[in-house]
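Each reported figure results from applying straightforward, stated rules to the coordinates on display, with no laboratory input. This structure is a prediction, so every number in the text was calculated from the model and none was measured. A quick note on method: Cβ atoms are made from the backbone with ideal geometry, for glycine too, and the neighbour counts reach across all protein chains shown.
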Amino acid sequence: MAIISIKHKQSVYVGKGTNVWGNVHISDLVKLYELVLQHALSVREGKIPRPPKFANFYFGTAGEHVWGDIAKQIGTLLHKKGKADTPEARSITADEMQWPAVATNSRSVAERSRSLGWNPTAKSVHDTLEGDLDALLATLK
């Protein structure tokens, strides 16, 4: 989304921008992987009973974001950094986005992950977006 926004010199989103996705910071996801692996080893070693066949899926969802809100934040940041002509975000088609997945909803609940003791504590996607955008811009120089 950010790369296409840089290309257009304006932040963009697909459709109404109301679609929702779950998110998780990589440091929280690493903690979840560790817990899932520890759990799997405990099952293998017979320390805990084997769970039912379909109870082996663990979602790493710490929060949710609305893509239109992300686009607005990207627009403000790109404009502030001189990489967009306006801070306003605008709608484009899924084909124009070149990553049509952002036109979908992707929601999950991390109940099973939390039952292992997982508690995400890292900053939210909104809190890390400026740093992520700075890192992206540095690679495009």
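Where helices (runs of 4 or more DSSP H) fall wholly inside the range 22-141, the ranges with 1 or more residues that are crowded, with 18+ Cβ neighbours inside 10 Å, in contact (Cβ under 8 Å) with a residue 24 or more places away in the chain and under 14 Å from the mean Cα position of the chain (by Cα) are 26-44, 67-80, 125-139.
Taking the range 6-21, which residues are within 16 Å of residue 126 (Cβ to Cβ) and either in contact with a Lys or Arg (Cβ under 7 Å, 6 or more places away or on another chain) or crowded, with 20+ Cβ neighbours inside 10 Å (or both)? Walk me through it before giving the result.
Taking the range 6-21 as the starting set, the residues that turn out to be within 16 Å of residue 126 (Cβ to Cβ) are 11, 13, 17, 20-21.
Of everything in the range 6-21, those that are within 16 Å of residue 126 (Cβ to Cβ) and either in contact with a Lys or Arg (Cβ under 7 Å, 6 or more places away or on another chain) or crowded, with 20+ Cβ neighbours inside 10 Å (or both) turn out to be 11, 13, 20.
Against the test of being of a type in the set (Gly, Ala, Ser) and touching a helix residue (DSSP H, G or I) at 6+ places or on another chain (Cβ under 8 Å), the options 113, 91 yield a single qualifying residue, 113.
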